[in-house]
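Each remark here refers to the structure printed beneath this line.
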């Protein structure tokens with residue numbers, strides 16, 4: 001079992017970003033020094049209500065703090081960007097990380113971001129798939145031609161290639177059933193989102209594996225799942241400490257329409273006591289272990305990526321949760 005840390009990198013609009021960045025170094029150092037395996041962060045633009053450093057420079061800076069941890073994009077909103085930019089930037093990150101790097105990408109769902117980058121409705125999925133295919137060609141072929149309304153290439157060569165051959169592992173994040181099937185066809189792994197209940201994940205994993213079989217692709221050797229988690233002495237204390245911050249986060253997700261691009265049974269506009277059931281991992285290390293159990297027993301998850309800090313949460317609270325994960329939860333997971 002691999003254990004990763006997801007650094008939120010979303011902070012309240014009045015926060016001191018330099019101070020928050022220093023705190024993220026501290027969390028990274030804890031993960032590095034306690035044998036966590038990976039480090040991820042994500043991307044949004046025009047982040048209403050919060051400030052956010054952009055993913056590529058942020059992850060590049062974290063590499064200097066991460067030691068031997070695998071670094072990953074979790075995720076890059078690839079449909080927003082020019083494919084040549086992505087091909088060269090991702091190859092650059094693979095070099096910076098000495099080949100210890102995962103390329104996580106996703107379509108995205110916020111109209112404000114698509115509109116800002118001029119990605120039209122009706123073209124988003126096509127551009128996502130087309131760009132991914134082109135990026136792989138730029139990484140593996142010597143002469144590439146391509147023509148579209150967002151990129152034109154004629155017999156070009158991209159000399160900078162990734163360290164990993166043929167290219168870094170590509171993980172695709174997906175929320176709804178069609179997106180999960182797309183991830184099955186196009187990726188090395190489906191990056192399971194933190195938003196869905198365990199039952200939704202179990203149901204969608206069946207779809208994922210059916211689609212892999214239909215296109216003659218093997219079961220991925222790595223099955224990653226991103227989870228919201230907070231460890232404390234018991235579930236009551238975990239909810240008391242982390243609940244307000246997770247609740248605020250999911251109120252923002254609801255306002256953004258995150259749950260509208262998920263299966264119909266998922267709904268974030270409900271009381272927190274109902275929202276957390278089988279969705280968030282909260283409690284003592286033993287309780288968290290049991291709440292995670294369905295994901296490895298039913299879905300084969302072997303790489304958990306934990307977010308245990310949210311906008312506004314004091315650093316010491318997150319570090320206490322991380323310490324319990326390191327000291328008590330990880331040894332249990334490593335026996336799975």
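Rule-based calculations on the coordinates, nothing more; no lab input. Remember, predicted model here, so these are calculated numbers, not experimental data.
Can you tell which of 309, 44, 195 shows the greatest fluctuation in a Gaussian network model of the chain with Cα springs below 10 Å? Answer for the Gaussian network model of the chain: 44. Dividing the mean sequence gap of close Cα pairs (under 8 Å, 6+ apart) by how many residues the chain holds gives a relative contact order of 19 percent. Starting from the exponent 0.38 and prefactor 2.2 Å, build the expected Rg for the stretch 40-148 from its residue count and divide its actual Cα Rg by it. That works out to 1.12 for the stretch 40-148. Give the Debye-formula value of log10 I(q)/I(0) at each listed q (0.21, 0.22, 0.23 Å⁻¹), with one equal scatterer per alpha carbon of the stretch 263-329, two decimals each. So the normalised log intensities are -1.10, -1.16, -1.20. Beta-bridge orientation, the stretch 143-265: approximately 40 percent antiparallel, per DSSP, counting only bridges with both partners inside. Of the three principal axes defined by the Cα atoms of the chain, the extents in descending order read 61, 40, 40 Å.
What's the center-to-center distance, using Cα atoms, between the stretch 1-74 and the stretch 177-214 in Å? Here the two parts' Cα centres lie 26 Å apart.
With the helix formula -39500 (n - 2.57) applied to DSSP H stretches of n ≥ 4, the chain reaches a computed 222 nm mean residue ellipticity of -13500 deg cm²/dmol.
Out of the DSSP beta bridges found with both residues in the chain, what percent are antiparallel (nearest 5)?
15
Hey, in the GNM for the chain with a 10 angstrom Cα cutoff, which one of 12, 52, 258 fluctuates hardest? Ranking 12, 52, 258 by mean-square fluctuation puts 12 first. All alpha carbon pair distances within the stretch 1-83 were sorted into 5 Å bins beginning at 0; the resulting P(r) in whole percents reads 3, 14, 26, 24, 17, 11, 5, 1. Share of pairwise Cα-Cα distances greater than 14 Å in the stretch 60-99 is 50 percent (whole percent).
With N residues in the stretch 76-131, what two-decimal value do you get for its Cα radius of gyration over 2.2 N^0.38 Å? Mind showing how you got there, number by number?
Numbers: Rg = 12.5 Å, N = 56, 2.2 N^0.38 = 10.2 Å.
Compared with the compact-globule rule of thumb, the stretch 76-131 sits at 1.23.
For the options 203, 234, 149, a Gaussian network treatment of the chain with springs between C-alpha atoms closer than 10 Å singles out 149 as fluctuating the most. Quick check: the distance between the Cα centres of the stretch 81-100 and the stretch 215-286, to the nearest angstrom? Rounded to whole Å, the Cα centres lie 30 Å apart. Grouping the Cα pair distances of the stretch 148-216 into 10 Å bins from zero gives a pair-distance distribution of 18, 35, 27, 17, 3 percent in increasing distance order.
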